[in-house]
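What follows is one structure encoded as structure tokens, with my remarks underneath.
The values are calculated or read from the model by the stated rules, or taken from the named source; none is laboratory data. Source: prediction; values computed, not measured. Glycine also receives a Cβ, built like all others from the backbone with ideal geometry; neighbour counts cover every protein chain displayed.
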Amino acid sequence: MAACLGSVVQLLVSFWKPNIRIIRQFLPFFFFGVSLTGSILKELDVVPQTYFSSSRNLLNLYFVKISWGWNLVLLLPFLFLSNSYNRTHIYVLKRLTALVVATAIWYICTETFFYIEDITGTCYGESESVQVVREEFSTKAECRRAGLMWDGFDISGHSFILAYSTFLIVEEMVPMLHLVQHNQKRTAVLDALYVALNAIVVIWVWMFACTSVYFHETIHKILGTGCAVLGWYLTYKVWYLNPFSPGLPPHHSDHKQHE
């Protein structure tokens, strides 16, 4: 089993190692491109309805709906193990705070999206096939509980969380490339987590594409994607370059210094 995992890890690293720089550079453009292309296809109504056009599909119910939980369950032990090689406990704890920061960004953004939808929305019900405003319901939650329809400015939480999760995982998987390159002895647990993180990235990207093609208005998806890009950029490209921050994941030069 361990040998099989090791082989899969080697295969994944052989993909990421030569491509990681260009992937990280162009990932924001990729997500904006998918979001815009998917939105155009949705407006043209040229994509047929499929299993993934229903929000009841299993990937949405058991992965996307609890996506941040999946991120934490996989990234927390992975960060601990992958950042521990030749490092102090203080360094590892500092790096783990990157997940605290990411969780704060996720929470603030999603709650802001909910708030915007509440303050811009109106509850509607049908009376003799005519849409009637139901002013007694002032929030989306109350309106939906009554079985009615809420119409507000709904920034795509799916576009945000799926793109942001991908950015986060791609950044935090980098140490594995150097551990494999320098033949560091790894545990089967670390290898399994790395394989699982790669699998979850595939799911997030696929479901992002499905969201782009089947759900939300164009502006809602672009704004959700933009928030994801902004959250990633301000942390990994700006703040984490400074000493008073969780810092960036260890890179090639870091490992060479500790050999």
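Some points to look at:
- Test for residue 232: is it surrounded by fewer than 17 Cβ atoms within 10 Å (Cβ to Cβ), touching a residue at least 60 places away in the same chain (Cβ under 8 Å) and part of a helix (DSSP H, G or I): no
- Scan the range 60-95 for residues that are touching a residue at least 40 places away in the same chain (Cβ under 8 Å) and within 20 Å of residue 194 (Cα to Cα) and the total you get is 18.
- Entirely in the range 80-196, the helices (runs of 4 or more DSSP H) that have 3 or more residues that are modelled with pLDDT under 95 and crowded, with 19+ Cβ neighbours inside 10 Å: 174-181
- Residue among 12, 41, 27 that alone is assigned to a helix (DSSP H, G or I) and either farther than 16 Å from residue 169 by Cα or at pLDDT below 95 (or both): 41
- Of all residues in the range 197-227 being farther than 17 Å from residue 166 by Cα and in contact with a helix residue (DSSP H, G or I) (Cβ under 6 Å, 6 or more places away or on another chain), the one that is surrounded by the most Cβ atoms within 10 Å (Cβ to Cβ): 213
- Checking the range 23-43 against the condition returns a match, with at least one residue being within 16 Å of the chain's Cα centre (by Cα), surrounded by 15 or more Cβ atoms within 10 Å (Cβ to Cβ) and under 22 Å from residue 176 (Cα atoms).
- Residue check, residue 13 within 21 Å of the chain's Cα centre (by Cα), surrounded by 12 or more Cβ atoms within 10 Å (Cβ to Cβ) and within 23 Å of residue 108 (Cα to Cα): no
- Where residue 85 falls short, out of the listed (1) closer than 25 Å to residue 24 by Cβ; (2) within 21 Å of the chain's Cα centre (by Cα): (2)
- Test: residue 104 is without any contact (Cβ under 8 Å) to a residue 24 or more places away in the chain, of a type in the set (A, V, I, L, M) and touching a strand residue (DSSP E or B) at 6+ places or on another chain (Cβ under 9 Å): no
- So residue 166, is it over 30 Å from residue 9 (Cβ atoms) and touching a residue at least 12 places away in the same chain (Cβ under 8 Å): no
- Number of residues in the range 44-79 that are in contact with a Leu (Cβ under 8 Å, 6 or more places away or on another chain) and either loosely packed, with under 12 Cβ neighbours inside 10 Å or at pLDDT 95 or above (or both) equals 11.
- Residue pairs whose Cβ atoms lie under 7 Å apart, separated by 6 or more positions or on different chains, with the first residue in the range 28-41 and touching a residue at least 12 places away in the same chain (Cβ under 8 Å) and the second part of a helix (DSSP H, G or I) and among the charged types (D, E, K, R), are 35/221; 39/221.
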